[in-house]
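Take a look at the structure below.
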Amino acid sequence: MTRVDLIPGTWSGRDDGPGPEHLRWHSAVSAFEPDIAPGATVLVGFRSDEGVRRNKGRPGAARGPTALRHALASMALADPIRLFDAGDVAVAVGHLESGQRRLGEVVAGLLDAGHFVTVLGGGHEVAYGSYLGLSGSTAIASGARLGVLNLDAHFDLRNDAVPNSGTPFLQMAEAEAAAGRSLNYAVLGIAQPSNTPALFARAASLGVRHLLDDECSAANLPAVESFVDEFLRTVDLVHLTIDLDVLPGSIAPGVSAPAAFGVPVEVVQRVCDLVARSGRLALLDVAELNPRLDPDNRTSRTAARLIHRVVTSRAPS
Ligand SMILES: N=CN[C@@H](CCC(=O)O)C(=O)O
Ligand SMILES: [Mn+2]
Ligand SMILES: [Mn+2]
């Protein structure tokens, strides 16, 4: 598949016995092998908080993939599913760009082999590595329309001197422009006080659609569903990226920048359902989990529940 060095993931958890009636993630997951049949779900970890460090945030997200596997491991599966773990790309301090390229190489290989890819971050710099994989896949080269849906309190469209966790979507916009395309980017959950007027203006100039966090209440679910439906109508392949700071800080404290308001988990789950069932979801990544800041593993448990939901309800693309 790829010559990238990957660190194997480890899986263990509660075991009530053999057979499908006792199935949990840890017993369903196998190490990825290049010759498996298409249509599997393949996990890849991105051990990086270099982007968070550069963005003056609170480092610790490099341990996110291990914590997410731990949270997923004992979750029960209602039905058997083909799940594989390709292992982790590790990013050394100061070497974010090469790490993103390596992640992109792994992701492109998995997509071209016909698999659904779930990337376990990592700071939100993971999204640019994921994008490199999807944009480098044969489907996009053949003309499929890419759409990026970000669930996030932040636009992450910073125009900084070096790539970081606050820049991935401007990097994507620049890369799409260089390829003669325009980035189709939509964001749900933007916190007005966490994004300057300059960021709102950049979003507007790039044609980015967004809903604010206080427009994403459960009472406003029809408007959220319309936003997602309209986005889905404009794309062939979706990159769904979940920055866990989109959730209320009470539910997701284990992130660099916890949200004072946030989007309720039931609304986030409904968005995940719509995208997963659309038949257009190619790639999911989950970003910003910082296990160092996560009492009772609250954030990793919520993140695992969302990953579980997407993976088990996804219609093949
Ligand atoms: N990925 C995070 N991006 C946010 C972080 C904000 C913060 O640390 O306060 C951003 O750059 O805006
Ligand atoms: Mn964010
Ligand atoms: Mn983000």
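Only the coordinates and a few stated rules stand behind these numbers; no lab work does. Given the structure is predicted, the values throughout are model-derived calculations rather than measurements. All Cβ positions, even for glycine, are placed from backbone atoms using ideal geometry, and neighbour counts span all protein chains on display.
Here are a few things to note about the model shown:
- Among V265, Y128, P34 the positive-end extreme of the charge dipole of the chain (Cβ point charges): Y128
- Sorted by Cβ neighbour density within 10 Å, fewest at the top, the residues S317, S165, S300: S317, S300, S165
- Size of charge dipole - the chain - debye, nearest 20, with Cβ of Lys, Arg +1 and Asp, Glu -1, no other charges: 220 debye
- R0 of 30 Å, Cβ-Cβ distance E266-T234: FRET efficiency to nearest 0.05: 0.75
- Net +/- balance of residues flanking D285 in space, Cβ distance below 11 Å, scoring K and R +1, D and E -1: -3
- Rg followed by Dmax, in Å, when the chain is reduced to its Cα trace: 17.8, 56
- Among 135-144, 49-58, sorting by the average number of other beta carbon atoms lying within 10 angstrom of each residue, highest first, gives 49-58, 135-144.
- Each Lys or Arg adds one and each Asp or Glu takes one away; over the other residues whose Cβ falls under 10 Å from the Cβ of L237, this sums to +1.
- Reciprocal mean inverse distance between Cα atoms of segment 63-174 - Kirkwood radius, Å: 15.4 Å
- Whole-Hz couplings from phi, Karplus 6.51/-1.76/1.60, listed for segment 119-136; x for Gly and Pro: 9, 9, x, x, x, 6, 4, 4, 5, 6, x, 4, 4, 4, x, 5, 5, x
- Computed from backbone phi with θ = phi - 60° and the Karplus coefficients 6.51, -1.76 and 1.60, the 3J(HN,Hα) list for segment 229-235 is 4, 5, 4, 4, 5, 9, 9 Hz; x is used for glycine and proline.
- A protection proxy built from the mean count of other Cβ atoms within 10 Å ranks the segments 119-125, 166-172, 98-104, most packed first, as 119-125, 166-172, 98-104.
- Residues whose placed amide H lies under 5 Å from that of S30, excluding near-sequence neighbours: L83, F84, D85
- Here the peptides 194-207, 59-72 are ranked by packing, the mean other Cβ count within 10 Å, and the order with the highest first is 59-72, 194-207.
- Under 5 Å from the amide H of L281 lie the amide H atoms of V238, each residue being 5 or more positions distant or on a separate chain, with H modelled from the backbone and absent for Pro and chain starts.
- For segment 75-89, putting each phi into the Karplus relation 6.51 cos²θ - 1.76 cosθ + 1.60 with θ = phi - 60° gives couplings of 6, 6, 9, 5, 9, x, 8, 8, 10, 9, 10, 8, x, 10, 8 Hz, in residue order, rounded to whole numbers and with x for Gly and Pro.
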